[in-house]
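Below is one structure, written out as structure tokens; the observations come after it.
Values quoted throughout were computed directly from the atomic coordinates according to the rules given, and no laboratory measurement underlies them. Every value quoted in this text rests on a predicted model; they were computed, and no experiment measured them. Virtual Cβ from ideal backbone geometry, glycine too; neighbours counted across all protein chains shown.
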Amino acid sequence: MKKRVQTVIATYLLSLLLMVIQKPIFLIWYADKSSDFSFSECLAVIWHGLILDSTTAGYLTVIPWLVMLLTIWINLSERTIQQILKWYFVAITFIVSLIVSVDMGLFRYWDFRLDSTILQYIVTPKEAAASVTAMDVISTSLLFVAYAATMWFTLRVIYLRYRATIIAASRRVLCTLGFLLIGGLTFLAIRGGVGHAVANVSMVYFSDNSFLNQAATNPVFSFLSSSLRSELDADDYHYFDESQRQEIIASLYPDPSQIAPCDSLLTTERPDIVLIILESFGRNVTDEKVDGEWVTPNIQALKQEGVWFENIIASSFRTDRGQVSVMSGWPAHPVASIMKYPLKARSLPSIAAELRRESYTTSFTYGGDANFTNTASYLYNTGIETIYDEKNISLDSEHRTTQWGYNDAAMCDYFADQVLALSEGDTPLFATLLTLSSHEPFEVPHHALSDKILNATHFTDEALGKMIAKWKASPAWDNMLVVMIADHGMGYPEDLPLGALARQRIPMLWVGGAIREARTIDTYGSQSDMAATLLAQMGIAYKDNPFSKNLLDAAQPHFGFWTYNNALGVIDADGYVIFDCTGNRIMEQHGDPSHTESLLRGGKAILQTIHTDLCNK
């Protein structure tokens with residue numbers, strides 16, 4: 001009995017120790033961030049992280065506990081039990097070490113600990129690895145080996161020291177009761193204590209600084225709990241009863257009083273429309289200067305001759321969610337991508353579907369694989385007739401300067417000719433291009449700027465300038481409307497946290513011969529408002545776009561709404577608020593407290609509505 005108890009206790013304590021040491025490893029790995037905090041704050045990371053470390057250790061102890069319990073009644077040889085424990089420890093060593101190392105490598109790009117998000121990329125490993133550098137692979141591989149070796153040589157002591165003993169039949173019931181008590185304590189550790197709430201990530205949150213909270217999070221628990229739990233749990237984000245929710249949503253998205261705006265931006269209601277979705281083109285890079293020169297000189301010049309929307313907010317931090325927001329007028333969910341659910345995505349409204357009803361030809365062009373994150377399924381189901389991607393685009397291999405696909409210089413040249421050819425048809429066109437060069441790892445055949453992020457952005461801007469110039473030289477320009485908008489913002493500078501307001505501000509620029517006059521629109525809005533604004537300019541009803549507002553309709557409330565890893569933000573002309581749904585607290589706010597409270601109330605109602613709608617689709 002003694003050896004059995006020692007085996008269970010040793011498994012729990014050593015597993016707990018292995019979970020705890022992840023915290024100093026993480027803080028050292030990201031010393032550029034953790035160096036901003038005091039020693040006591042770093043100790044607080046370890047202290048507050050203990051509860052999920054304990055929970056994870058409890059999970060790892062369940063199998064040894066069960067094996068020891070069974071041996072009270074079943075006589076197994078010492079070698080058999082040692083072999084069972086050995087191969088169990090081999091399995092958990094591999095799994096835990098893999099999670100720890102992958103999490104450590106990805107946090108630099110994701111700004112949150114590993115969760116089930118990574119599973120959507122497994123089916124397209126080439127694209128999933130496109131952002132990873134050789135140094136990332138080397139460093140995380142070394143970490144995997146080091147952590148796995150540490151974990152293995154720590155846990156192997158347990159099975160090597162195990163000695164089998166036979167328990168007399170008269171003592172088996174008593175020993176079983178004792179082991180059930182140990183099992184109850186293990187369950188208590190797994191549950192996270194005796195409180196009403198079971199173990200969850202928010203339990204380790206202790207600071208108003210996101211990095212410290214993330215550092216305290218156990219990546220093994222984060223990944224396994226999110227993977228085993230549905231990201232579309234109907235009980236999540238339930239802030240209001242149904243009548244309250246409807247009342248708030250009705251005030252935020254009132255029915256439009258008229259289809260066509262009084263203020264027209266266009267010279268025609270049926271222009272040829274070109275939509276360019278710019279990868280990671282946040283305002284923090286497009287508005288940057290190096291040695292007094294713009295990083296995006298072409299966009300800056302085009303602002304002077306087109307319609308510039310000054311206060312547009314990206315709905316998310318990922319391309320798949322931002323693309324849906326742009327093309328379907330649908331706000332982004334904080335943890336789920338609707339593209340992952342083709343049957344749900346096919347029910348979305350879309351600009352393409354509306355324009356096809358108006359006899360438009362619709363197409364989508366991308367230099368990479370359009371199947372990534374189910375993009376092709378979403379596009380075909382929401383009105384795109386033809387998709388051009390790396391599988392059917394014939395370009396020289398020298399233009400594949402990045403693992404993502406053909407670079408933007410080659411693609412902009414290809415797309416420019418494609419649009420001109422389509423413009424000669426008998427029907428108006430709606431052609432979309434998604435760029436890709438301004439994405440990690442920022443590998444471009446261009447060396448104008450020393451900073452890799454700014455250099456890649458400059459490269460894409462140069463390609464855009466040449467493409468626009470080609471269109472301007474053509475008669476097609478007279479009837480063309482080019483809408484340029486980013487899919488999401490950029491983490492620049494590299495320590496800019498996920499969800500920060502500066503990271504959400506993106507450009508939206510309308511240019512072309514169909515533009516009536518140059519002007520700047522200061523109205524606050526989201527990516528999702530582009531759909532209603534465009535359709536209203538064309539005299540097309542947008543009642544099927546419940547979360548899209550016409551930015552030129554003064555009768556509608558105007559605000560920007562965004563989400564990121566289980567958090568939301570809302571901004572208007574009078575203030576903004578950022579709310580952490582996991583920690584259930586305000587992260588940042590600016591403006592009169594009563595106003596930010598109202599903004600937060602609206603943001604919660606929007607999140608509750610899109611979550612419920614996504615669950616029910």
**Request:** Let me have the relative contact order for the chain, percent, based on Cα pairs under 8 Å that are six or more residues apart.
**Result:** 19 percent
**Fill in**
Expected vector for the stretch 96-104, Karplus 3J(HN,Hα) from phi with 6.51, -1.76, 1.60 and θ = phi - 60°, integer Hz, x for Gly and Pro, equals 5, 5, 5, 4, 4, 6, 5, 4, 4
**Complete:** Here the gain from full extension of LYS466 to HIS590, 0.36 nm per residue of separation minus their alpha-carbon distance, amounts to 40.6 nm
**Fill in**
Net charge near VAL102 (other residues with Cβ under 14 Å of its Cβ; Lys, Arg +1; Asp, Glu -1) is -1
**Asked** Given H placed 1.01 Å from N in the peptide plane, which residues other than close sequence neighbours of ASN566 have an amide H under 5 Å from its amide H?
**Response** VAL335
**Fill in**
In whole Hz, the Karplus estimates of ³J(HN,Hα) for the stretch 557-572 (6.51, -1.76, 1.60; θ = phi - 60°; x where Gly or Pro) are x, 10, 7, x, 10, 9, 9, 8, 4, 6, 8, 9, x, 9, 9, 9
**Fill in**
Cβ-Cβ cut-off under 14 Å around GLY491, Lys and Arg +1, Asp and Glu -1: the net charge is -2
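So if a site counts as exposed when it's one of the GluC sites (Glu not before Pro), its DSSP state isn't H, G, I, E or B, and it has at most 15 other Cβ atoms within 10 Å, what's the longest stretch of the chain without one?
1-268
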**Prompt:** How much length, in nm to one decimal, is gained on full extension between ILE74 and GLU305, taken as 0.36 nm per residue of separation minus their Cα-Cα distance?
**Reply:** 74.9 nm
**Fill in**
So LEU228 and PHE240, fully extended at 0.36 nm per residue minus their Cα-Cα distance, gain in nm 1.6 nm
**Message:** To test your reading of the geometry: what angle, between 0 and 90 degrees and rounded to tens, separates the Cα axis of helix 219-228 from the longest principal axis of the chain?
**Reply:** 70 degrees
**Asked** Can you pull out the trypsin sites (Lys or Arg not before Pro) in the stretch 354-400 that DSSP calls coil and that have at most 16 other Cβ atoms within 10 Å?
**Response** LYS391, ARG400
**Request:** Round to the nearest 10 and give me the degree value, 0 to 90, for the angle of helix 242-252's Cα axis relative to the longest principal axis of the chain.
**Result:** 40 degrees
**Request:** Of the listed values (1) 41; (2) 55; (3) 51, grab the one calculated as percent of Cα pairs over 37 Å apart from the structure here.
**Result:** (1)
**Message:** What do you get for the angle between helix 39-70 and the principal long axis of the chain? Use alpha-carbon atoms, 0 to 90 degrees, nearest ten.
**Reply:** 60 degrees
**Request:** Rounded to whole Hz and in sequence order, give me ³J(HN,Hα) for the stretch 280-295 from the Karplus expression 6.51 cos²θ - 1.76 cosθ + 1.60, θ = phi - 60°, writing x for Gly and Pro.
**Result:** 6, 7, x, 5, 5, 9, 5, 9, 7, 10, 10, 6, x, 10, 5, 5
**Request:** Pull up all non-local amide H partners of ILE521: gap of 5 or more, or a different chain, and H-to-H distance under 5 Å with H placed in the peptide plane.
**Result:** TRP308, PHE309, GLU310
**Request:** Counting only DSSP beta bridges with both residues in the chain, tell me the antiparallel percent, nearest 5.
**Result:** 50 percent
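Under 15 Å from the Cβ of ILE21, count the other residues' Cβ atoms, weight Lys and Arg +1, Asp and Glu -1, and hand me the total.
-1
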